[in-house]
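Read-outs throughout are calculated quantities, based only on the coordinates presented, and are distinct from any laboratory measurement. In this text the structure is predicted, and so the values were computed from the model without any measurement. Here the Cβ positions follow ideal geometry from the backbone for every residue, glycine too, while neighbour counts run over all protein chains shown.
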Amino acid sequence: MVDTRVNLKGLSLRNPVLTASGTFGYGEEFADFVDFSKIGGIIVKGTTIHHREGNPYPRMAETPSGMLNAVGLQNKGAAYFAEKIYPRIADMDTNVLVNVSGSTIEDYVACAEIIQSLDKIPAIELNVSCPNVKQGGMAFGVTTDGISKVVEAVRKVYHKHLMVKLSPNVTSIADIAKAAEASGADSVSLINTLMGMAIDAEKRRPKLSTVTGGLSGACVKPVALRMVWQVSKAVQIPIIGLGGISSATDAIEFLLAGASAIEIGTANFIDPAISQKVAAGIEAYCERHGIASVRELTGALITD
Amino acid sequence: MVDTRVNLKGLSLRNPVLTASGTFGYGEEFADFVDFSKIGGIIVKGTTIHHREGNPYPRMAETPSGMLNAVGLQNKGAAYFAEKIYPRIADMDTNVLVNVSGSTIEDYVACAEIIQSLDKIPAIELNVSCPNVKQGGMAFGVTTDGISKVVEAVRKVYHKHLMVKLSPNVTSIADIAKAAEASGADSVSLINTLMGMAIDAEKRRPKLSTVTGGLSGACVKPVALRMVWQVSKAVQIPIIGLGGISSATDAIEFLLAGASAIEIGTANFIDPAISQKVAAGIEAYCERHGIASVRELTGALITD
Amino acid sequence: MDLRLIDKQLWSRSVLLKLRAQEEECLPEIFPGQFVQVRVDGSPTTYLRRPISVYYVDQAKQELWLLVQMVGDGTRTLSETAIGALINVMLPLGRPFSMPENPAAKLMLIGGGVGIAPLLYLGKVLKDNGFQPQFLLGARKASDLTQLDLYEEFGEVYVTTEDGSLGEKGFVTQHSVLANQPDMIYCCGPKPMMMAVARYAKEHDVFCELSLENTMACGLGACLCCVEDTKEGHQCVCQEGPVFNLNQLKW
Amino acid sequence: MDLRLIDKQLWSRSVLLKLRAQEEECLPEIFPGQFVQVRVDGSPTTYLRRPISVYYVDQAKQELWLLVQMVGDGTRTLSETAIGALINVMLPLGRPFSMPENPAAKLMLIGGGVGIAPLLYLGKVLKDNGFQPQFLLGARKASDLTQLDLYEEFGEVYVTTEDGSLGEKGFVTQHSVLANQPDMIYCCGPKPMMMAVARYAKEHDVFCELSLENTMACGLGACLCCVEDTKEGHQCVCQEGPVFNLNQLKW
């Protein structure tokens, strides 16, 4: 009998498998495929203080072993979420986390406060990869100063588990993670999408309306794994690893590299039941290897 | 009749196709597969002032649509190259460029001077992704200061075409490219490999002896294309694009994004004749689209 | 679910895949206009599923037919699936065409290219429910229009081809049958063709439903990639569609 | 070059692929111990070619046989190639086994697991050249040793299995035939088995060539990924090898 539970600084999960924001809707879309009681939690869509229509179509391009997206945080705003969506999903038999985004620090704070008022949401994941409109559109999360400011501001008002989702489009993700930790983050999740681009050579046009977009899927796994490894050497707070995880084996690699839990993203599009399968697969791996608790895997990479 | 010639600040190529350093040996290895007179040039292995044995085995791990390597610049040193290898390849019917690497600025300078003395080498490609041993192992190419120092020092002694190969493991590749340009680079090539990692979950060990390594192949193409696009908005000097190019269509995407020429890397391992096929394919594309000169494609992406 | 490929038929640009539920399983109820998400095995360049509209369903035989246009490696690989192999599909997805209320309504099912596929099953269900569908099918040339005999089982078939090799020469919107105005139009095809049909429907104030084909990732309304900019904002073609009423669209 | 798959034979953990040159083409001369780089089509998780040792060559029939161990998606996909399909191979690659100078030399070809593959063709060529090769082949169990009858055509075959289901129980280095010391050993197999053979060869001061199987990318000596740390520094197994003399190695 494997103990699959993990505890992320007060956030208890029955197993280390979460679904990544933006790839699992509000969970309801996957109800036919996943038994929510078999996964650690879901992280719902990026939510902003105000309604956002997102970017124009086309928003997606398939790439080798991956995809680019440029959805642009389409959502109906935090108040709509709290009133209309939350009541439908609050009693789901798993942890429901909300991914919080913004264009200004004030927006992040206001959004986090609304989500905090929802009893059954035990944590938020702060998306710091959004462009800061007051800083010429550079993402908050690509400088230590930018991430410190937004994490500190949210930390002041948000008293549950604060997970900060890191951008991989940086020179030193370890420095960024340390800044998030110092500013009060309870955990860091990584990696968000790598910035990429796709072109239609025949039409001589970008494939995305926004020219560039976020790359995800199996193709980014080596980069994600490396960053989890680097961050695990730099911070004490728990790490939630994501980036191309498509199987239990992938998930175990992230745990070994230093993650305490993992998120499944793009793979949900290919196999909508994958999150449950990965959770079962992690347990089977532990059984096969005689590992009593999944927590023993975290950082257990042998590098002598 | 398509004019396929390109001129990179004094470096004339019969067509925009080069082979990337470290993926084409010294050319000789591919003599059975490629008619060198059909490609723009080859860039031979990373060469350092001293002989290097490189990293221990294992050095390679296959990844989704790509591979990681940790060769570690194995080579017999610049003097050996000049005496033993250069005479064998100097008369190859294409441009032969040498990729120059180092661990200190002095090493780069000394190596560049030796290569400069070789009449038939019209250009070097400076690999600034190497760790700077005097700066705690951080790569020269990840800070504007680091790249400026090494490019300036080499520029002083090297008077032929100086191409600088940029690392993608940075927050703003545009800033790095601008620093290279300001320091005297004649062109920039990008991207070098993305830092990644692979783990054997069963053995709980890294797949590479060095834990992390460089990711290349089709998986990185979206990131490479985005960076070429960003750099093309930032500098005036020619850009040589690389990163996952496996077909003429891929190559044309890089030209449209702003590259004047391209390099073929990992794809040489899968199809050793690919460089010649890509050159022919670019010409065919131009013919089909009624494009008189391949130079018209550079930066011709329509983004209205 | 995994369906077994029991038969296939290849044309130059499309392939008909006949799938059957495995013995212990049953096809769910499937409505005309819905689609399936097919997993493609064995194509190194295909990462995501491929959305394919439902061509025909025979619940008695537990058969689902897909007419797949070969546009890239993914669909080509799908076309090479061996008879007897299993194909993984998510189904049924999306909102179907609506059924008419007036049993005497003059119904015109207008399709272009591979967009004619969902109209076959729509025609069957309409006829089964006592309506009299008519088909107006367009293509570039005669050989692009496959299996017209199947359509003829369910209603009259009018044809246009751009080269005049079959039916009237020109586009569907130029066909003489449209002089006699239908009450309801159901439409699927390439976007320029659907835009032309939409213009006709607007001009003549005809009820019109269109099936859109935006590029999709998840097919479940989760990723928000396939949105259409409707009068009510961005809506997922996979979930709010693929069938939209013309007056929902900004066309 | 593209070779046609004309026949295959499947076992639980390996597959024999019989390839033939197309009519207008000829196989180049291929020496025992050389390998080919096979492109794998249709495996989304396989990016690079797969190096496979040459199992047998019949120049008269223009046939090349590969015995492929199924270890992952790439080799499994290769095993599923349809008879009649073309398979792209780069060949011949690497340095072969050396030929003995003394026609009376006592030659022992020692193989383990799928490492027995290159020894079949080596045995044939040795016999064709008037030598008398003997084979000592080891595996975990009898069913892992396929086609022993082919080896018997070229020389005596001694067998060990770990479970004793065929031949002597134990490892190859424990086989009684080795009490009678050979003059030359040619060896291929899993690394621990080769290390054990190397120890035997050193102790008894026997000429020994070993074929290494380091992970490769290019197969041409260009990428420097498959290096072995030899007495002369890092050398490419694909180019300086795969066959090394024991005294080149640091083992």
Q.
I need the P(r) histogram for the stretch B:1-77: all alpha carbon pairs, bin width 10 Å from 0 out to the longest distance, whole percents.
A. 15, 35, 33, 15, 2
Q) Label C:TRP11 and C:LYS61 with points 7 Å out from Cα along Cα→Cβ: what is the distance between them in nm? A) 1.8 nm
(Q) Taking a point 7 Å out from Cα toward Cβ as the label site, list the nm distances between B:ALA292 and the same residue in every other copy, smallest first. (A) 8.0
Q) When the helix-only estimate is applied to chain D (DSSP H runs of n ≥ 4, each -39,500 (n - 2.57), divided by the residue count), what is the mean residue ellipticity at 222 nm, nearest 500 deg cm²/dmol? A) -4000 deg cm²/dmol
(Q) On the Cα set of the stretch C:49-157, report Rg and Dmax in Å, please. (A) 15.0, 45
Q.
How far, in nm to one decimal, is A:ASP3 from itself in the other copies if the label point is set 7 angstrom along Cα toward Cβ? Shortest first, please.
A. 7.5
**Q.** Packing-based exposure ordering (other Cβ within 10 Å, fewest first) of B:VAL294, C:VAL159
**A.** C:VAL159, B:VAL294
Q. Per residue and in cubic angstrom, what volume does the convex hull of the Cα atoms of the stretch C:130-251 have?
A. 126 Å³
Q. Which ³J(HN,Hα) values, rounded to whole Hz and listed in residue order, are derived for the stretch B:117-132 from phi using the Karplus coefficients 6.51, -1.76 and 1.60 in 6.51 cos²θ - 1.76 cosθ + 1.60 with θ = phi - 60°, glycine and proline given as x?
A. 6, 8, 3, 8, 9, x, 6, 10, 10, 8, 8, 9, 8, 6, x, 8
(Q) Taking the 0 to 90 degree range and rounding to the nearest ten, how far is the long axis of helix C:117-128 tilted relative to the main principal axis of chain C, both from C-alpha atoms? (A) 70 degrees
Q: Give A:LYS165/B:LYS134; B:LYS76/D:LYS250; A:LYS178/B:LYS165; A:LYS207/C:LYS18 a once-over and call out the pairs whose C-alpha atoms are over 25 Å from each other.
A: A:LYS165/B:LYS134; A:LYS178/B:LYS165; A:LYS207/C:LYS18
**Q.** Using alpha-carbon coordinates, inclination of helix D:191-203 to the longest axis of chain D, degrees
**A.** 30 degrees
**Q.** Simple spin-label estimate for D:GLU156 and C:GLU29 in nanometres, 7 Å along Cα-Cβ
**A.** 7.9 nm
Q: Among the listed pairs D:LYS106/D:LYS141; C:LYS8/D:LYS61; A:LYS38/A:LYS160; A:LYS84/A:LYS160, give every one whose C-alpha distance is greater than 25 Å.
A: D:LYS106/D:LYS141; C:LYS8/D:LYS61
Q: Find out how many positive minus negative residues lie around A:GLY213, taking Lys and Arg as positive, Asp and Glu as negative, among other residues whose Cβ is under 11 Å from that of A:GLY213.
A: +3
Q. In square nanometres, what is one fourth of the surface area of the convex hull spanned by the alpha carbons of the protein assembly as shown?
A. 46.1 nm²
Q. So in chain A, what percent of DSSP beta bridges are antiparallel if you round to the nearest 5?
A. 40 percent
Q: Pick out which of D:THR77, D:THR146, D:THR45 has the largest mean-square fluctuation in a Gaussian network model of chain D, springs linking Cα atoms closer than 10 Å.
A: D:THR45
Q. Taking the label point as lying 7 angstrom from Cα along the Cα-to-Cβ axis, what are the distances from D:ASN129 to the corresponding position in the remaining copies, in ascending order and in nanometres?
A. 8.0
Q: Mind computing the radius of gyration and Dmax over the alpha-carbon atoms of chain D? Å is fine for both.
A: 17.4, 51
Q. If you keep only loop residues by DSSP, which chymotrypsin sites (Phe, Trp or Tyr not before Pro) in the stretch D:1-58 have at most 16 other Cβ atoms within 10 Å of their Cβ?
A. D:TRP11
Q | Cα pair distances of the stretch D:2-93 binned at 5 Å [whole percent] | A | 3, 15, 27, 28, 18, 7, 2, 0
**Q.** With at most 16 other Cβ atoms within 10 Å, longest stretch of chain D clear of loop GluC sites (Glu not before Pro) (DSSP)
**A.** D:163-231
Q) Once you average over the residues of B:212-220, how many Cβ atoms of partner chains fall within 10 Å of each Cβ? A) 6
Q: Could you calculate the FRET efficiency of C:SER143 with A:ARG88 from 1/(1 + (r/R0)^6), where r is the beta carbon distance between them and R0 is 30 Å, rounded to 0.05?
A: 0.05
**Q.** Overall dimensions of the stretch B:189-304 as given by Cα atoms, namely Rg and Dmax in Å
**A.** 16.4, 56
Q.
Using Cα springs under 10 Å in a Gaussian network model of chain D, which residue among D:ARG199, D:ARG49, D:ARG20 shows the largest mean-square fluctuation?
A. D:ARG199
Q. Out of A:ALA273, A:HIS51, A:ILE252, whose Cα points farthest toward the positive end of the dipole of chain A (charges: +1 Lys, Arg; -1 Asp, Glu; placed on Cβ)?
A. A:HIS51
Q: Taking Cβ-Cβ under 4.7 Å as the only way to count a partner, pick out the unpartnered cysteines of chain A.
A: A:CYS111, A:CYS130, A:CYS286
Q: Quick one: order D:TYR121, B:TYR108 by neighbouring beta-carbon count within 10 Å, fewest to most.
A: D:TYR121, B:TYR108
(Q) Using all alpha carbons of chain B, what is the percent of pairwise distances in each 10 Å bin, ordered from the shortest bin to the longest? (A) 6, 30, 38, 21, 4, 0
(Q) Counting only helical runs of four or more DSSP H residues, what would the 222 nm mean residue ellipticity of chain A come to if each run contributes -39,500 (n - 2.57) and the total is spread over all its residues? (A) -8000 deg cm²/dmol
Q: Just the number, please: percent antiparallel of the DSSP beta bridges in the protein assembly as shown, rounded to the nearest 5.
A: 50 percent
Q) Order of B:PHE36, B:PHE81 from fewest to most other C-beta atoms within 10 Å? A) B:PHE36, B:PHE81
